[in-house]
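Let me begin by presenting the structure, written as structure tokens, before commenting on it.
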Amino acid sequence: MTTLTEGQHAGEFIVSELAPGSTGVSPCRDAITVASGQTLEAGSVLGKVTASGKYAIYDNGAADGTEVAVALLVEGVDASAADADGVAIVRGVAEYNLTEVKWDTGALQAEIDAGVADLLVANIIAR
């Protein structure tokens, strides 16, 4: 019998966020560009590349802007071959389930703690 594994659903990690206004879009979210060379899951913690303004997986040890966690990806994005459009929570007040967000492979607890603190500055709060 084949075993199926259900992945992360779009926005599943969100505990709460500001209610949508008259536009129907939450004021916590923005359209973003995900830098090419990565395939990211919903809930990925993102940094913003200073030189391009594009988003990539948060990497506390980097020196290109992605060393600061600034956003959470709402839906998975395949940018493996080229830059891709996405939607991210980029400002608060928003709350997320810390156990459901995605960190860079091999992220140490100290790096995760730093990322959580970075997101808190933008009023994106771990629960």
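The values are calculated or read from the model by the stated rules, or taken from the named source; none is laboratory data. All of these numbers come straight from a predicted model, not from anything done at the bench. Glycine also receives a Cβ, built like all others from the backbone with ideal geometry; neighbour counts cover every protein chain displayed. These area figures cover heavy atoms from the full protein model, side chains too; ligands, DNA and RNA do not enter into them. Shrake-Rupley method; radii C 1.70, N 1.55, O 1.52, S 1.80 Å.
Roughly what would the spin-label model give for Leu120 and His9, points 7 Å off Cα along C-beta, in nm?
Between Leu120 and His9, the simple spin-label model gives 3.0 nm.
For the charge dipole of the stretch 64-116, defined by +1 on Lys and Arg C-beta atoms and -1 on Asp and Glu C-beta atoms about the Cα centroid, which residue among Val101, Gly65, Ser80 has the Cα displaced farthest towards the positive pole?
Projecting each Cα onto the dipole axis, the largest value belongs to Val101.
Taking the Cα centre as origin and putting +1 on Lys and Arg beta-carbons and -1 on Asp and Glu beta-carbons, what dipole magnitude results for the stretch 5-55, to the nearest 20 debye?
Dipole size: approximately 280 debye.
Per residue, how many Å² of accessible area does the chain show with a 1.4 Å probe? Don't jump to the answer; show the numbers that get you there.
Numbers: 6920 Å² over 127 residues.
Normalised by residue count, the accessible surface of the chain is 54 Å².
Obtain the nm distance between the two label points defined at Val25 and Val49 by a simple spin-label model: each point lies 7 Å from its Cα along the Cα-to-C-beta direction.
So the label points at Val25 and Val49 sit 2.2 nm apart.
Using just the helices of the chain, give the 222 nm mean residue ellipticity in deg cm²/dmol: DSSP H runs with n ≥ 4 each add -39,500 (n - 2.57), and the total is spread over all residues, rounded to 500.
Result for the chain, helices only: -3000 deg cm²/dmol.
Could you calculate the contour length gain from Ser36 to Thr105, that is, 0.36 nm times the residue separation minus the distance between their Cα atoms, to one decimal place in nm?
Additional length available on full extension: 23.1 nm.
Run the simple label-point estimate for Ala82 and Asn97 please: 7 Å along Cα→C-beta, distance reported in nm.
It works out to 3.5 nm between the two label points.
Along the positive direction of the dipole of the stretch 11-120 (beta-carbon charges: Lys, Arg +1; Asp, Glu -1; about the Cα centre), which of Thr50, Ile112, Ser26 reaches farthest?
Selected residue: Ser26.
When N counts the residues of the chain, how does its alpha-carbon radius of gyration compare numerically with 2.2 N^0.38 Å, as a ratio?
Its radius of gyration relative to the 2.2 N^0.38 Å reference: 1.03.
Determine the gain in length on full extension of the stretch Arg127-Ala62; use 0.36 nm per residue of separation and subtract their C-alpha separation, reporting nm with one decimal.
20.8 nm
Size of the dipole of the chain about the Cα centre, Lys and Arg at +1 and Asp and Glu at -1 on the beta carbon, nothing else charged, in debye to 20?
Numbers: 6 positive and 18 negative charges, 57 e Å.
Dipole of the chain, to the nearest 20 debye: 280 debye.
Could you grab the relative contact order for the chain? Cα pairs under 8 Å, six or more apart, rounded to a whole percent.
In percent, rounded to a whole number, it is 28.
Please report the carbon-and-sulfur percent of the accessible area for the stretch 1-109; probe 1.4 Å, protein heavy atoms only, DNA, RNA and ligands left out. Display every interim value, and only then the final one.
Details: 3070 of 5960 Å².
That share works out to 51 percent.
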